[in-house]
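Step one of this worksheet: look at the structure below.
The values are calculated or read from the model by the stated rules, or taken from the named source; none is laboratory data. Computed from a prediction, not measured in an experiment: that's the story for all the values here. Please note: Cβ atoms are built from the backbone with ideal geometry, for glycine as well, and neighbour counts cover all protein chains shown. Each accessible area value is taken on the protein alone, full model and side chains, heavy atoms only, with ligands, DNA and RNA left out. Shrake-Rupley method; radii C 1.70, N 1.55, O 1.52, S 1.80 Å.
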Amino acid sequence: MRIKAIMKADQDVHNVTLDGVYAVSIATQLFLDLLLHESHQFTTNDNRKKLLYADVANAINDIHEFEFLTEIVPNTMPYDDALNRRAAFQAIQDAQKDEL
């Protein structure tokens, strides 16, 4: 019944039927099956047995249907690059504060 509670949390949803909950649960299962299948392809291509975050991120970036997830599951990057991006972002925010 968690799916029903999540669906009811939306203010635009007033009534949720059991058929609707079932349809959403099946669609979610199919979506996750596809995502994991595509992610597993990256694992097997690298001759590994362990699925990594990078495999999921690569699947999301390579498959057009998963494009909406690119901001939620970004590609991995080296630590130094992440620090440099963070510093640049902070500098932009500081500059914007100074303008106010």
What does the helix-only formula give at 222 nm for the chain: each DSSP H stretch with n ≥ 4 adding -39500 (n - 2.57), the total divided by the residues, and the result rounded to the nearest 500 deg cm²/dmol? -22000 deg cm²/dmol
Area projected by the alpha carbon convex hull of the chain, averaged over all directions, nm²: 10.6 nm²
Within the accessible area of the chain (1.4 Å probe), percent carbon and sulfur: 56 percent
Whole angstrom only: what separates the Cα centroid of segment 12-31 from the Cα centroid of segment 40-100? 30 Å
Unit charges on C-beta of K, R, D, E only; dipole of the chain, Debye: 520 debye
Restricting to aspartates and glutamates and to Cα separations under 12 Å from Lys4, and discarding same-chain partners fewer than 8 apart, the set is Asp19
Regression test value, accessible area per residue of segment 1-82, probe 1.4 Å, units Å², expected 80 Å²
Per the charge dipole of the chain (beta-carbon charges, Lys/Arg positive, Asp/Glu negative, Cα centre), the residue among Ile92, Gln11, Thr70 reaching farthest to the positive end is Gln11
